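Here the structure comes first, spelled out in structure tokens, and everything after it is commentary.
What follows draws every value from the coordinates through simple rules; no lab data is involved. It should be emphasised that the depicted structure is a prediction, and the values quoted were computed from it without experimental measurement. In this analysis, Cβ positions are derived from the backbone assuming ideal geometry, glycine residues included, and neighbour counts consider all displayed protein chains.
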Amino acid sequence: MSGIILFCALGALLILGVPIAMSLGISSLFVMSFVDGTPPLSLMARSIVTGADSFPLIAVPLFILAGDLMQKGGLSKRIIGFAYSLVGHIRASLCYVNVIASMFFAAISGSAPATVAAIGSNIIPSMTQQGYKKDFSSALTASAGMIGVMIPPSIPFIIYGVSAEVSIGKLFLAGIVPGILFGLTFMAMSRIVVRKLPIMDVEPTPFSWAGVAAQFKESIWALIVPGIILGGIYGGVFTPTEAGAVAVVYAIICGLFIYKEISFSDLPEIFARSTLTSATILVLVVFAAAFGRLVTFEQIPSVVASTLVGLSDNPIVLLLLINGMLLIIGMFMETISAIIILTPILLPVVKQLGVDPIVFGVILTVNLAIGFCTPPLGVNIFVASQVSNVSIEKISRALIPFLCSMLVLLLAVTFIPSLSLFLTELIG
């Protein structure tokens, strides 16, 4: 009964518009205070302290700050320039530039909205000048932005790793192959969509090795960031958390002294914006820790597991049901919140089905990343709309072919675990 009261209280608060972090805390406090048979309030205090006392969580504000610094410091603009030098000779090349640049920036920021903002603000105006429809350009940018949470470093992977107590380094590796597959699929889909548009008649820029070399020289400081971060992690030089600190220092050096696109006077504003974003996430994490402890105490994961298993004894059917549920949740709930709440509930279920926790981390993240691109709360759509001044409705319609390809790849990630485990088994 107390479990029902807990979720009813949470749902009522969310409907009333209370921020989800406060909703988690208030609903937990209410149940512990007024419902018999629940843990004492001291458990909530201990859970909050325990939830905050996590070394891997330090990576979240660090990568958020690094992403903001790199966006303002001109690294995203140079990534786009290098991508164009590689594929500018191909017709409809800006579609490929959009996706390639998003994949590069994903390996820097770890955030889907940050990727959309950084790449979209540079590439959408260029695509419009070359005759692409704004709604298509915005939809492609929003779709490619979802790769930002799949290719490491990934903030959702960090949160899942902390919640599920699995290796964040292995999660980072597990996201690489699916992230690349999504990128290649988006490029192919965009080529199909624009094949009959006038843009195909635009004369492409001739390929030049000299041009590639010149652009590489200009962009080298941005292009080596993924190598520094991932090479340092898997070379044993530093942990994923320490990699965030390295990324921040590197971004400051590049922005201030190499590209000189930010000044010391810009830093307080960047720090303040990043601090606000980070604080929002971390407050959510600590209250969710208390909520999750109460959920576990009420044995809700066991109830959910037995209910799902009771619906079918076929693992394929159960995984499809879980995917369907996650897709719906991703449409209405912010990603970090969903991961924190759902991981302790669903992880025991998928373990019973024989699904590796690393693979489930990828499945969960992909499902919720698709939510970035679906109304009514698709944050990538909102960011792309702000950048391009195109209505959310138009972008949503243009997203349909990309969403179809996302669903196909989601099934591949779900039922072909080797896509996620290949690099983790190869590198160990």
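Couple of notes before you dig in:
- The helix-based estimate of mean residue ellipticity at 222 nm for the chain, built from -39,500 (n - 2.57) per DSSP H run of four or more residues and divided by its residue count, is -25000 deg cm²/dmol to the nearest 500.
- GNM flexibility winner over the chain from 40, 344, 226 (Cα, springs under 10 Å): 40
- For the chain, the longest principal axis of the Cα atoms and the long axis of helix 418-427 meet at an angle of about 80 degrees.
- Cα gyration tensor shape of region 1-65, rounded if a/c is under 1.5, else prolate or oblate by comparing a/b with b/c: oblate
- Normalising the average separation of contacting C-alpha pairs (under 8 angstrom, six or more residues apart) by the number of residues puts the relative contact order of the chain at 26 percent.
- Packing here is the average count of other Cβ atoms within 10 Å per residue, and on that basis the peptides 100-110, 257-267, 18-28, highest first, run 100-110, 18-28, 257-267.
- For region 96-135 versus region 25-82, the inter-centroid distance based on Cα atoms is 27 Å.
- Each part reduced to its alpha carbon centroid, region 233-289 and region 137-215 end up 22 Å apart.
- Protection-proxy order for peptides 400-413, 153-166, each taking the mean of Cβ atoms within 10 Å per residue, highest first: 153-166, 400-413
- With a Cα cut-off of under 22 Å and a minimum spacing of 8 residues unless on different chains, the lysine pairs in the chain number 13.
- Relative to the dominant Cα principal axis of the chain, helix 2-15 is inclined by about 40°.
- Prolate/oblate/rounded label for the chain (Cα gyration tensor, a/c 1.5): prolate
- Looking at region 130-211, the trypsin sites (Lys or Arg not before Pro) that sit in a DSSP loop and have at most 13 other Cβ atoms within 10 Å of their own Cβ are 195, 196.
- Inter-probe distance in nm under a simple model that places probes 7 Å from Cα toward Cβ, at residue 351 and residue 181: 2.6 nm
- Positive-end residue of 114, 184, 148, charge dipole of region 113-208 with Cβ unit charges: 184
- Only the Cβ atoms of Lys and Arg (+1) and of Asp and Glu (-1) were treated as charged; on that basis the dipole of the chain about its Cα centre amounts to roughly 860 debye.
- Cα gyration tensor shape of region 294-370, rounded if a/c is under 1.5, else prolate or oblate by comparing a/b with b/c: oblate
- A cut-off under 14 angstrom between Cβ atoms defines the neighbours of residue 275, and their net charge, with Lys, Arg +1 and Asp, Glu -1, is -1.
- Acute angle (nearest 10 degrees) that the helix 75-87 long axis makes with the longest principal axis of the chain, alpha-carbon atoms: 60 degrees
- The listed peptides 119-131, 73-85, ordered by packing as a protection proxy, come out as 73-85, 119-131 (highest mean of other Cβ atoms within 10 Å first).
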